[in-house]
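Novice: Supplied in structure tokens, the structure appears directly below.
Laboratory data are not the source of any read-out in this text; all were calculated from the coordinates shown. Note that the coordinates shown come from a computational prediction; the quantities given were computed from them, not determined experimentally. Don't worry about glycine lacking a Cβ; one is built from the backbone with ideal geometry, like all the others, and counts go over all protein chains shown.
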Amino acid sequence: MGHHHHHHHHDHAASGADVPAPLDLSVPDAELSPTEASRRTFLRNAGLLGAGAAASSVLAGGHAAHAAPANDHSGGGTGGGQANDGEFVWLAGDHHIHTQYSSDAMYRVVDQAKHARAYGLDWIVITDHGNATHSRIGVEKVNPDIVETRKEIKDLLVYQGLEWNIPSAEHGTVFVQPGPNEVAVLKQFETDYDGSVNGTSSPSPENEALAIAGIKFLGDEVRRRRIGGALFLANHPSRRGVDSPHEVRAWRDADPTVAVGMEGAPGHQASSLPAPNGPGRGRGYYEGSPSAASFPGYPLESYRTWGGFDWMTSTVGGLWDSLLAEGKPWWISANSDSHINYLGTSMRGPDSDFNANGKYNDPVYGPLITTAGDFWPGQYSRTHVGAQAFGYRAVMDAIRAGRVWVDHGGLIRGLDMRVRRLNDQRPGAGATLGGTLKIKSGTSVVVTLDIDLATVPNWAQFVPKLARVDLIVGDVTGPVTDQDTFTAPTTRVAASFEVQPGRKRVSFSYPLGRVDRPMYVRVRGTDGNRSAPGLMGAAVDPHGPAMDVLGDADPWLDLWFYGNPIWVLPS
Amino acid sequence: MVLRQPDLGPAILTATATAVTVIGISLGHADDAAAEHWLHDVVGVADLPGLVACTHLVRTPRPHVAISLAAPDGLPDLPATPADLVPAAELAADEHRAGRSGRAVRYPGVDRLVGTLTVAELLDFSAIEQVIMLGGAVPEPETPVQTRDFVRPQWINGVLTLITTAVGPGRIGPFELPDPTPCCADKH
């Protein structure tokens, strides 16, 4: 851990008579009691105060990425994370994992946790499906298992969460910072806001409003101090075409300290391994077609994965970019969605009664499974977060800040991306993933990329070779009038860098020139095995990911990494 | 032109240029599978020669699947469309008649589209007029099509079109799968 360069907050007025003093920005820091001052620092760090809390756009004057260093870390050690830039501890994790408390899964919490740790993860989120049985039994019953696992595997952070059936939409991960009320808050959230529990999954304005209310509930629970933090990320967002662009925007705007992103890549990445030795399905189980519940504007292309990634993320100039071009912070992740794993050798415990017990009996040794489409947590998909410490809050803060990059199959080991003033070559200078560089208009700006290449074999026993890195640049054009917009016309691959083999670390830089208008940059890289012109045309993305072939896509032979964006705002 | 025929209640009749009537009906089916089930089991569409029966995704007054039927020799009596779904039934009939949209479940030759056929055979055996790859490319006539015994072409610009994707080296298959993995599936 090193120093942290300081950003300045621009706390906009947010006062009210019923607001506690730490939340009331009309009360200066100096007038707070030490306890209140500490509380304010915490809220500010968590992005829950002032501009960080209110802003749904980087244009509005900063967001959670500008959190100052936390000063009450809830853990110690580095958990195997690698502080490759000397500033952050990079911790790999997975926020989408099922256990025997899901009706379509089977493993114990500790089974998932032990594998996650062995596969190199530092943090995981247990996300069993929300439904009537789970809200009644599972959400409480899983907690002692999680608490026990935290004690047993001390260098792994284990969050309790939920796979939320978002009213009117798809699934999403919801998770909270551990604490005395973690179960109570999750249970109340699930009971009141889960689409399966309440029969509100079908699309309608009323159900969309319930989803918004659920997100606001979580934010309120944090502000009421019942929990230390809560996050929501949309899972497999394009799988069924039911997450419309206006819903994604509305979630984010409902509370940008809670609704922070989506799976850039879905789980189930083994599902497209060819039969008979594999499931022979669509990669990520993306194999559906439009239904009456789908957003009618989505093209058929959105129902398939592209290089293992969701169409919203994989399309340069597509839905994700349309949010970033608005200046709307919205981050991507990559997870296992592990239910039942490919080449597993266990089966559900005999004599299980899921409905009565809220869980399956502990798994037992069983026949080899070649028809399951999931990897263990960390085996294939990883979400890397740049935390300021190893700890529950620090990881959530880092996710909220968007200091996140994702990879498949261990394609790279580390990523340090910066946008900096041309004359500022100090390590750690400028803005990194999820951040914003504010400059005087006309200042010369450069993007720098330092990438640690894979040096050891991945979990398929080969050393992945990064072949190409693409830098994607787009103008920030401000709020859209049509909330269902899912294109960003100015965004394109601005530069591509070939990676010469045989090196441990590669560095690239790309001058943005004298920046006189708001823009953003993001990065993507590939093993170069499969590519095709992007959906917006070869002029936008000459060598993008190719659509995955149903039943014939080996995930180990088509590896990509993606970074979250950095904005440049001239004034 | 939209006609209301008294003996069919609110079911909607329209006339195509070739004078084949197109009937729209909407019973609020939740998804394609439910609509197809109704077509097979209730209407008995398999026994109606020359029939083209389509499903249509409709968002109002609530998301559901409407149905259109076009048969040269007429259709059996069909149940009445509930009043609130009449616009959906009208929409389905209009879309079918104009060839703008509609996913064909029954059409001449559908029963011959089983196993693996070439593109040329598929066009020869059935009423499908065009096979394209997702993205617009046109496959060669000799390209094998893995039908999965489930071929659902759709109306695009007046042409009954099958959209396909690659399913392996040199092989294509319909974009739509008969058995997509459902969400929260109990996979074992």
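Novice: Order the peptides A:524-534, A:304-314 from the highest to the lowest mean number of other Cβ atoms within 10 Å of their residues.
Specialist: A:304-314, A:524-534
Novice: Quick check: residue separation of A:ALA118 and A:ARG224 times 0.36 nm, minus the Cα distance between them. What number comes out in nm? Write out the running numbers ahead of the final one.
Specialist: Values: separation 106, 0.36 × 106 = 38.16 nm, distance 3.72 nm.
My answer for the length gained is 34.4 nm.
Novice: Another question, if that's okay. Is the range A:471-514 best put as rounded, prolate or oblate by its Cα gyration tensor, with a ≥ b ≥ c the root eigenvalues, rounded for a/c under 1.5, and otherwise prolate when a/b is larger than b/c, oblate when not?
Specialist: Working: a/c = 4.14, a/b = 2.50, b/c = 1.65.
Note, shape of the range A:471-514 comes out prolate.
Novice: In debye, nearest 20: dipole of the range A:496-550 around its Cα centre with unit charges on the Cβ of K, R (+) and D, E (-)? Write out the running numbers ahead of the final one.
Specialist: Details: 8 positive and 5 negative charges, 64 e Å.
Dipole of the range A:496-550, to the nearest 20 debye: 300 debye.
Novice: Rank these for me by crowding, A:GLU208, B:GLU176, B:GLU142, B:GLU129, going from fewest to most other beta carbons within 10 Å.
Specialist: Values: A:GLU208 20, B:GLU176 24, B:GLU142 10, B:GLU129 14.
Sorted ascending by nearby Cβ count, the order is B:GLU142, B:GLU129, A:GLU208, B:GLU176.
Novice: When you look at the Cβ of every residue in A:291-299, what mean number of other chain Cβ atoms sits within 10 Å?
Specialist: Taking the mean over all residues of the peptide, I get 5.
Novice: While we're on this one: What value, in deg cm²/dmol to 500, does the helix sum -39500 (n - 2.57) over DSSP H runs of n ≥ 4 give at 222 nm once divided by the residues of chain B? The partial results should precede the final answer.
Specialist: Numbers: 3 runs with 27 residues, N = 188.
For chain B, the value works out to -4000 deg cm²/dmol.
Novice: Continuing with this model, one more query. For A:ASN361, list long-range residues whose amide hydrogen, built 1.01 Å from N in the peptide plane, is under 5 Å from its own amide hydrogen.
Specialist: A:GLY349, A:SER352, A:ASP353
Novice: Got a sec? Charge dipole of the protein assembly as shown, +1 on Cβ for Lys and Arg, -1 for Asp and Glu; which of A:VAL158, A:TRP90, A:LEU273 is way out at the positive end?
Specialist: A:TRP90
Novice: Which FRET efficiency value, to the nearest 0.05, is calculated for A:THR191 and A:ASP155 with the Förster distance at 30 angstrom and r the Cβ-Cβ distance? Provide the component values of the computation, followed by the final result.
Specialist: Working: r = 34 Å, r/R0 = 1.12.
Working from the Cβ atoms, E equals 0.35.
Novice: What is the local net charge at B:GLU95, summed over the other residues whose Cβ is closer than 14 Å to its Cβ (Lys, Arg +1; Asp, Glu -1)?
Specialist: Net local charge, B:GLU95 excluded: +2.
Novice: Could I ask something else about it? I'd like the mean, over residues of A:175-182, of how many other protein chain beta carbons sit within 10 Å of each residue's own Cβ.
Specialist: 0
Novice: Could you tell me which of rounded, prolate or oblate describes the range A:202-305, using a ≥ b ≥ c as the square roots of the eigenvalues of the alpha-carbon gyration tensor, with rounded for a/c under 1.5 and, failing that, prolate when a/b is larger than b/c and oblate otherwise?
Specialist: oblate
Novice: Output the 0 to 90 degree angle, nearest 10, between the alpha-carbon long axis of helix B:86-98 and the longest principal axis computed from the alpha carbons of chain B.
Specialist: 50
Novice: Can you check what the net charge comes to around B:SER26, using other residues whose Cβ is under 10 Å from the Cβ of B:SER26 (Lys, Arg +1; Asp, Glu -1)? Could you put the intermediate results ahead of the total?
Specialist: Values: positive: none; negative: B:ASP84, B:GLU90.
After counting each charged neighbour, the total is -2.
Novice: Also, quick follow-up: I'd like the mean, over residues of A:101-110, of how many other protein chain beta carbons sit within 10 Å of each residue's own Cβ.
Specialist: Partner Cβ neighbours, averaged per residue: 2.
Novice: In whole Hz, what ³J(HN,Hα) sequence does the range A:495-509 give by Karplus (6.51, -1.76, 1.60; θ = phi - 60°), x for Gly and Pro?
Specialist: Going residue by residue, I get 7, 10, 10, 7, 9, 6, x, x, 10, 9, 8, 10, 10, 9, 9 Hz, with x marking Gly and Pro.
Novice: Can you classify chain A as rounded, prolate or oblate using the Cα gyration tensor, where a ≥ b ≥ c are the square roots of its eigenvalues, rounded means a/c under 1.5, and otherwise it's prolate if a/b beats b/c and oblate if not?
Specialist: Rounded.
Novice: On to the next question. Tell me the label-point distance for the pair A:ALA532, A:GLN461, using the 7 Å Cα-to-Cβ offset, in nm and rounded to one decimal.
Specialist: Going by the 7 Å Cα→Cβ label model, 3.2 nm.
Novice: Take A:TRP405, A:TRP567 and order them by how many other Cβ atoms sit within 10 Å, fewest up front.
Specialist: Lowest to highest Cβ neighbour count: A:TRP567, A:TRP405.
Novice: Can you put A:ASP122, A:ASP475, B:ASP73 in order, fewest other beta carbons within 10 Å first? Walk me through the numbers on the way to the answer.
Specialist: Details: A:ASP122 27, A:ASP475 14, B:ASP73 9.
Exposure proxy ranking, most exposed first: B:ASP73, A:ASP475, A:ASP122.
Novice: Contact order normalised by length for the range A:165-320, with contacts defined as Cα pairs under 8 Å and 6 or more residues apart; what percent is it? Provide the component values of the computation, followed by the final result.
Specialist: Working: 291 pairs, mean separation 34.0, N = 156.
Contact order relative to length: 22 percent.
Novice: What net charge is computed for the residues neighbouring A:SER509, neighbours being all others with C-beta under 11 Å from the C-beta of A:SER509, Lys and Arg scored +1, Asp and Glu -1?
Specialist: +1
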